Amino acid sequence: MKEKIKTILPYVDLPLIILALYMVFIYAPTDSYMGDIQRIFYFHVSFAWVGFLSFFFNFIGSIMYLIKKERCWDILAVSAAEIGIAFCLIVLTTGPIWARPVWGAWWTWDPRLVTFLILTFMYAAYMTVRNAIEEETKRARFAAVIGIIAFLNVPLTYLASHLWRTIHPDVIRPGGGKWGLDPAMTAALRITIPAVTLLFVILLLRRMDLEGMRDRVAELKKKIMKEA
Amino acid sequence: MGYYLKKVFLIAAKDLRIEFRSKEKIYSMMLFSLLVMVIFNFAFEPGAEYIKDVAPGILWVAFIFAASLGLSRSFVLEKEEDCMQGLMLSPLDRSGIYLGKLIGNFIFTLAIELISLPFFAIFFNLSLTSSLPPLMIVIVLATFGFITVGTLFSALSVGIRGGDMILPLLLFPMQVPVIISAVKSTGLIMAGSGMDTYSQWLKLLVAFDIIFFVASFVIFEYLIEE
């Protein structure tokens, strides 16, 4: 049953992604002020949401690992963190591409930008720690500690950079805060977000399988070494 | 409870005694924070008016860098000669070890900061006497916040190969809320603004301190179980 779902999911997501691409590039109207560059927004927002979601999965996996000490929770945590970093990098790449023509600057110190950047840094450090530890249970334990602490820091980082900005004069503002989207644009976003979320689920399940296979290989290697 | 705290203070006192006797860490942290201030000075025009605007940032960069230098050594002593085993065998909760280490690191870092502060005032021609009491509140709150997570990650980094390289990578992104709050409130205090202008920053620092003190206190025992 579980395997079946895993096989079916990509076939569900593929048409969804094609539909999302159609909605984004053809169905949604061109933004009167920003022009075509605004179309980056749909995927940018979707990836940002899923990037955040994956760190939440990492947080859950980390807590559960410390409580239960079961390998599967560590597998969830590492898989989610890795995909999260990839998605965050997509967010941090698409953002400036959009910002340059619209805001007139590649980068601004907007709270959301700061939070995402710091988030990426924290999970990059998380992966660095994982790579530096060979012993499996120790790696899982140390990583879980970082995963929990890093996630707790997200709201505080957002709050701090938000207060920092509101006290500073705003040089550049994104279209007055609330977007006021065209209904067709909202519809496009409503398709893009599930499409990307499903992509995340597929990647997560695959990545977790991969980690399981690595364990199996390591086990077999040990067995062979013993016999030899 | 009193028994527990007594043991905790024993660990803190032991750490402080080692540091104040060997003086090795005091000198290097002191010199390091002074050097940061001096080097940063070269980045700006001498005697420029805007130096007052960037001074708080320089102060905190110096403090945070010096503190992280100290933190990277915090658990190294315990690792040598297997002192950690001794601590773990002592009739004290694992969380007590964290608390003792935290208090030791906190007092030590605070001492370094207080010694560097007059030098900062001299180098940047600032009169800090009138703003000293509120500034002290910020220094205590921000240093505590830095040390809560710092002590936890310091214990973590000694257990990893190349740990002293990794510690700043873990620590600096974690400290963004502390650094922003400390720099902003220090700037407002030095400009002579009233309490109401920076109270939100103090609140944020208190929130950070509480959240990460509790989280690190609970999590610490998972780090050293071997």
Taking the range B:15-40 only, how many residues are surrounded by fewer than 16 Cβ atoms within 10 Å (Cβ to Cβ) and either polar (S, T, N, Q) or under 16 Å from B:I103 (Cβ atoms) (or both)? 5
If B:D209 meets every condition in (1) more than 9 Å from chain A (Cβ to nearest Cβ); (2) surrounded by fewer than 16 Cβ atoms within 10 Å (Cβ to Cβ) apart from one, which number is that one? (2)
List every residue pair whose Cβ atoms sit under 6 Å apart, with the two residues 6 or more apart in sequence or on different chains, where the first one lies in the range A:26-48 and is more than 20 Å from A:V196 (Cα to Cα) and the second, anywhere, is part of a helix (DSSP H, G or I) and among the polar types (S, T, N, Q). A:D31/A:Q38
Could you list, in sequence order, the residues of the range A:98-123 that are buried (at least 17 other Cβ atoms within 10 Å of the Cβ) and closer than 19 Å to A:S54 by Cα? A:L113, A:V114, A:T115, A:F116, A:L117, A:I118, A:L119, A:T120, A:F121, A:M122, A:Y123
Enumerate the pairs (first residue in the range B:191-213 and modelled with pLDDT of 90 or more and among the aromatic types (F, W, Y); second residue anywhere and surrounded by fewer than 19 Cβ atoms within 10 Å (Cβ to Cβ) and not in a helix (DSSP H, G or I)) with beta-carbon separation below 8 Å, excluding pairs fewer than 6 apart on the same chain, so at least 6 apart or on different chains. none
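For the range A:25-40, does any single residue satisfy the condition of being on the phi > 0 side of the Ramachandran plot, surrounded by fewer than 14 Cβ atoms within 10 Å (Cβ to Cβ) and over 21 Å from the mean Cα position of the chain (by Cα)?
Yes, that holds for at least one residue.
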Odd one out for B:Y50, checked against (1) touching a residue at least 40 places away in the same chain (Cβ under 8 Å); (2) surrounded by fewer than 18 Cβ atoms within 10 Å (Cβ to Cβ); (3) among the aromatic types (F, W, Y): (1)
Go through the range B:64-82 and give me each residue that's over 15 Å from B:S28 (Cβ atoms), part of a helix (DSSP H, G or I) and among the hydrophobic types (A, V, I, L, M, F, W, C). B:I64
Does B:I97 satisfy the condition of being within 23 Å of B:K14 (Cβ to Cβ) and touching a residue at least 60 places away in the same chain (Cβ under 8 Å)? yes
For A:A144, indicate whether it is within 14 Å of chain B (Cβ to nearest Cβ), buried (at least 20 other Cβ atoms within 10 Å of the Cβ) and of a type in the set (G, A, S). yes
Tell me yes or no: at least one residue of the range B:121-143 is buried (at least 23 other Cβ atoms within 10 Å of the Cβ), of a type in the set (V, I, T) and within 21 Å of the chain's Cα centre (by Cα). yes
Identity of the residue in the range B:81-120, charged (D, E, K, R) and modelled with pLDDT of 90 or more, that ends up surrounded by the most Cβ atoms within 10 Å (Cβ to Cβ): B:K101
Hey, B:Y222 hydroxyl-bearing (S, T, Y), within 19 Å of B:A55 (Cα to Cα) and touching a Lys or Arg at 6+ places or on another chain (Cβ under 9 Å) or not: no
Does at least one position in the range A:98-111 carry a residue that is in a helix (DSSP H, G or I) and within 14 Å of chain B (Cβ to nearest Cβ)? yes
Checking B:S154 against (1) in contact with a Phe, Trp or Tyr (Cβ under 9 Å, 6 or more places away or on another chain); (2) more than 24 Å from A:N153 (Cα to Cα); (3) within 14 Å of chain A (Cβ to nearest Cβ), which single condition isn't satisfied? (2)
Unmet criterion (only one of (1) part of a helix (DSSP H, G or I); (2) modelled with pLDDT under 90) for A:D170: (1)
Suppose the filter is within 20 Å of the chain's Cα centre (by Cα) and over 22 Å from A:D215 (Cβ atoms); does A:W98 pass it? yes
What about B:R73, is it basic (K, R) and closer than 22 Å to B:M37 by Cβ? yes
Does the range B:119-136 contain any residue that is of a type in the set (V, I, T), more than 8 Å from chain A (Cβ to nearest Cβ), in contact (Cβ under 8 Å) with a residue 40 or more places away in the chain and assigned to a helix (DSSP H, G or I)? no
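The values are calculated or read from the model by the stated rules, or taken from the named source; none is laboratory data. On a predicted model such as this, the values are computed, not experimentally measured, just so you know. Backbone-built Cβ (ideal geometry, glycine too); neighbour counts: all protein chains shown.
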